[in-house]
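Student: Structure below; questions to follow.
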Amino acid sequence: MFWESLSVILAVALVACQLRWRRRVREDAAARARREAEFRDLQARIDSVAEREKAKQETLFDSMAEGVLLLDRKNRVALINQAVEQLFGLSSDIRGMTVMEAFRFNDLQAIVNRAIKEGRAQGEELELPGLERRVLEVNAAVYLNPAGASQGTILVFHDLTRIKQLENTRKEFVANVSHELRTPLSMIKGYVETLIDGAKDDPEVAPKFLLTIQKHADRLTALIEDLLTISRLESGQIVLNLQPLDLSSLIRRVADELKDRAAKRNARFVIEAGDEIRVPADGERLHQALFNLFDNAIKYGGGNGEVRVICEISAGRVEISVRDRGPGIPPDAVERIFERFYRVDRARSREQGGTGLGLSIVKHIVQSHGGEVWARNEPGGGAAFFLTIPLSTGGAVQNSLPFRETAS
Ligand code: ADP
């Protein structure tokens, strides 16, 4: 009896132990699964943070205006940003290539070599081969690890093309201004010297010389006035005073002011404009633009003809055209006549008292009103100039607008 009871107790204890052990195993497995899930979750979160960080860095890297190129210790391309791809017009992946393999450009390789040799190469200018002149500034440096060992080379490219263009425009402008000022000045000086040397006592030549001196002094004044206007327009010093302006009466007023000058060349104005066409415009500036166009039509219109001015409304803007019956503009000059100092016939322009700045001033004034200006030759002969002025300032009516700066 005793043994029977003992074996029952032992059996029960064994079963209980087994059950506990199984529960423990199950609990352990569940805990392990929980821990594994937590670990996976943590890993996923770390990965996603790392991914996000990487994406952020790549976006930052690609949004840089400067081109950045990273070479590894073996001088192979490790990293480039989009700016480099655009600057060099790369269409395929160059990672893993050497500079020569990727760019086929000796000058760039020379900069890399110099940077490796000297530790850095600063402010190097690189002119890219190709039809269009492109100039880059390159700064290169070897990058080191904390122990001071080289890890590769970093190159930063800055596009200087626009700055170089502006620099050239400025140089050309200064050269042109000097030339334009020197010509009338040397004429004045020459005539004054001749007068001093005795011509002043010759009643035949003295008045003629004095008139010539006056003509050149007038040219100098006109040139300086135009230069000041251009300079104020480009520097934004002049602020437009936009007021409702009746274009029809402005056109008639300008034509009236030039009536006598036109008559001297047997030319006359024919105006086709409605009774009242109102636009928000700066009357003084627009007067200047129309004056220059009408004056050119008389000057270059060949004489004995008419200058036809048409003012009409179309597609939310007013279009004014000025047509003459002169020889027109040589086709290759049509695109250039709005540039500063560009003249088809320099001697002719000077003889007419021109400064070479009139159309450039017209362009600035019209563009600052939000309009456009262009020229073309008429099929039947003669030149035609067009300008447009928007009928409204585009919602927000302003009393004043600064002039926009342009390159020409
Ligand atoms: P300019 O003071 O020489 O007249 P503009 O800037 O007004 O300077 O004009 C630039 C050039 O454009 C002129 O020198 C002339 O060669 C050409 N041009 C301007 N208007 C006309 C026109 N109506 N017909 C033919 N050529 C013109």
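Student: Any idea which of Glu137, Glu132, Glu127 is within 17 Å of the chain's Cα centre (by Cα) and free of Cβ contacts under 8 Å to residues at least 60 places away in the same chain?
Tutor: The unique qualifying residue is Glu132.
Student: Another question, if that's okay. Could you check the range 110-159 and list, in sequence order, the residues that are part of a loop (DSSP other than H, G, I, E, B) and open to solvent by 80 Å² or more (accessible area, probe 1.4 Å)?
Tutor: Pro129, Leu131, Glu132, Arg133, Pro146, Ala147
Student: Could you check how many residues of the range 182-220 are touching a residue at least 40 places away in the same chain (Cβ under 8 Å) and either open to solvent by less than 50 Å² (accessible area, probe 1.4 Å) or not in a helix (DSSP H, G or I) (or both)?
Tutor: The qualifying residues number 2.
Student: So, in the range 34-90, of the ones that are assigned to a helix (DSSP H, G or I) and β-branched (Val, Ile, Thr), which residue ends up nearest to Ile111 (Cα to Cα)?
Tutor: Ranking the candidates gives Val84 first.
Student: Can you tell me which residue within the range 89-109, out of those that are surrounded by 13 or more Cβ atoms within 10 Å (Cβ to Cβ) and of a type in the set (S, T, N, Q), is farthest from the chain's Cα centre (by Cα)?
Tutor: It comes out as Thr98.
Student: Answer yes if at least one residue in the range 240-253 is buried (at least 18 other Cβ atoms within 10 Å of the Cβ), in contact (Cβ under 8 Å) with a residue 40 or more places away in the chain, within 16 Å of the ligand (Cβ to nearest atom) and outside any loop (DSSP other than H, G, I, E, B), and no otherwise.
Tutor: Checked against the condition, which is being buried (at least 18 other Cβ atoms within 10 Å of the Cβ), in contact (Cβ under 8 Å) with a residue 40 or more places away in the chain, within 16 Å of the ligand (Cβ to nearest atom) and outside any loop (DSSP other than H, G, I, E, B), the range 240-253 yields no hits at all.
Student: Where the second residue is part of a strand (DSSP E or B) and of a type outside the set (Lys, Arg) and the first is free of Cβ contacts under 8 Å to residues at least 24 places away in the same chain and away from the ligand (no atom under 13 Å from the Cβ) and lies in the range 372-392, which pairs have Cβ atoms under 9 Å and are six or more apart or on separate chains?
Tutor: Glu372/Phe386; Glu372/Leu387; Glu372/Thr388
The values are calculated or read from the model by the stated rules, or taken from the named source; none is laboratory data. Treat the numbers as computed from the prediction; the structure is a model and nothing was measured. For neighbour counting, all protein chains shown are included, and Cβ atoms are generated from backbone atoms with ideal geometry for every residue, glycine included. Remember, those area values only see protein heavy atoms, side chains included, never the ligands or the DNA or RNA. Shrake-Rupley method; radii C 1.70, N 1.55, O 1.52, S 1.80 Å.
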